[in-house]
Amino acid sequence: CRAVSGEGGEAARAVLDSSVIISACGSDKSLSRLICQIHTKHSWEIVSSAYCRAEVSRNIVKFGAEATAAWDHLRERLVWVPNALTSGRPLLLAAGKDKPVLISALASQSNVLLTLDSGDFKLLIGTEVYGMLVTTPRDFLVRQGLG
């Protein structure tokens, strides 16, 4: 991915999809949580959209009290970007519910979208969409030399 820490000298601005946030809150051993723990050390800015915040808030209770407490803590540390509803560019994404995530990530001028949603994002994972890499937390860490 272009313009990430260690590549081009600029820090990564990574958008976390709802699936990554839930993973970070739900498991202390997840790579998603690791990214949230080490992001400042590596000059990564972690952001997410208001759409994802609402989705996580609706679903986090299904994962128990510890996940809810982790969400309360993480929610304060993330940079929240507004929802963007249109991009003015064609997008090949079948799932309507995930288009706002992709469009908001592009509008936030992020250089990477992290997702664990291999169902809805399967055609995009490992590719760039208008210069923004769509990848998993694991592959992001590998690209950063940490895997």
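The values are calculated or read from the model by the stated rules, or taken from the named source; none is laboratory data. Here the structure is a predicted model, which is why all the values come from computation and not from measurement. For neighbour counting, all protein chains shown are included, and Cβ atoms are generated from backbone atoms with ideal geometry for every residue, glycine included. Only protein heavy atoms, including side chains, enter the accessible area calculation; ligands, DNA and RNA are left aside. Shrake-Rupley method; radii C 1.70, N 1.55, O 1.52, S 1.80 Å.
Assorted remarks:
- For Lys99, a cut-off of 30 angstrom between C-alpha atoms picks up these lysines, skipping any fewer than 8 places away in its own chain: Lys29, Lys62, Lys122.
- Taking a ≥ b ≥ c as the square roots of the eigenvalues of the Cα gyration tensor, an a/c ratio of 1.5 or more together with a/b no larger than b/c marks the stretch 31-76 as oblate.
- Here the 3J(HN,Hα) profile of the stretch 21-27, calculated from phi with Karplus coefficients 6.51, -1.76 and 1.60 at θ = phi - 60°, is 5, 5, 4, 4, 7, x, 9 Hz, Gly and Pro shown as x.
- Inter-centroid distance (Cα atoms) of the stretch 108-144 relative to the stretch 40-83, Å: 18 Å
- Summed side-chain charge close to Ala70 - residues other than Ala70 whose Cβ falls under 14 Å, Lys, Arg +1, Asp, Glu -1: +1
- Leu106 sits with roughly 30 Å² accessible to a 1.4 Å probe, with DNA, RNA and ligands left out of the calculation.
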